[in-house]
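Each value in this text was obtained by applying a stated rule to the coordinates, not by laboratory testing. What you see is a predicted model, and the numbers here were worked out from it, not measured in a lab. Cβ sites come from the backbone with ideal geometry, for glycine too, and all protein chains shown count toward neighbours.
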Amino acid sequence: MDCIFCKIVEGAIPSKKVYENEHVLAFHDIQPAAAVHVLIIPKKHIPTMNDAAGEDFALIGEIHKAAQIVAKELGIADSGYRLVNNCGKDGGQVVFHIHYHLLGGEKLSALNVRD
Ligand code: AMP
Ligand code: ZN
């Protein structure tokens, strides 16, 4: 399967890992949009939020749990952060393996929902 995030999970493509457990992996985004920009992904390949079903929702919970841990480890838990999933074309999803953006380390602008 030609999925860049599956390749990161397998170690075939390098990443700057910040957290890993049996379910999820967190690594720094290659093109940071904020002082802290980490991607948190399930190790299981799920293309988009529309494809999540059944036990996948426990994995989504694991992602939120990892976000809490990573935010603490990177020192942004108290200052605050944003956790974002882009789904599909209008959501601006580019990589079709579910991922959450953990953004923080500076005051983020208000959500811009339009270009
Ligand atoms: P999205 O638009 O929600 O699909 O976000 C995809 C994100 O993946 C973007 O922020 C990219 O900068 C990031 N990205 C793409 N390739 C890599 C990579 N090899 N390592 C880390 N982040 C990546
Ligand atoms: Zn994948």
Net length gained if the chain between residue 7 and residue 106 were fully extended (0.36 nm per residue, minus Cα distance): 32.6 nm
Residues whose placed amide H lies under 5 Å from that of residue 24, excluding near-sequence neighbours: 43
Spacing of the two label points (7 Å from each Cα toward its C-beta) at residue 113 and residue 69, in nm: 3.4 nm
Most positive-pole-ward Cα, 63, 86, 36, against dipole of the range 4-104 from beta carbon charges: 36
Added length on full extension, which subtracts the Cα-Cα distance from 0.36 nm per residue, residue 16 to residue 35: 5.3 nm
Cysteines without a disulfide-compatible neighbour (Cβ-Cβ under 4.7 Å), the chain: 87
Residue 28 versus residue 87: modelled label distance in nm, points set 7 Å from Cα along the beta carbon direction: 3.1 nm
GluC sites (Glu not before Pro) restricted to DSSP loop in the range 42-115 with at most 14 other C-beta within 10 Å: 55, 106
Along principal axes, Cα extents of the chain, largest first, whole Å: 37, 32, 27
Net +/- balance of residues flanking residue 10 in space, Cβ distance below 15 Å, scoring K and R +1, D and E -1: +1
For residue 59, net neighbour charge (Lys/Arg +1, Asp/Glu -1) across residues whose Cβ lies under 9 Å away: -1
Chain lengthening between residue 56 and residue 96 when straightened (0.36 nm per residue, less Cα-Cα): 12.9 nm
Dipole magnitude of the range 4-104 about its Cα centre (Cβ charges: Lys, Arg +1; Asp, Glu -1), debye to nearest 20: 220 debye
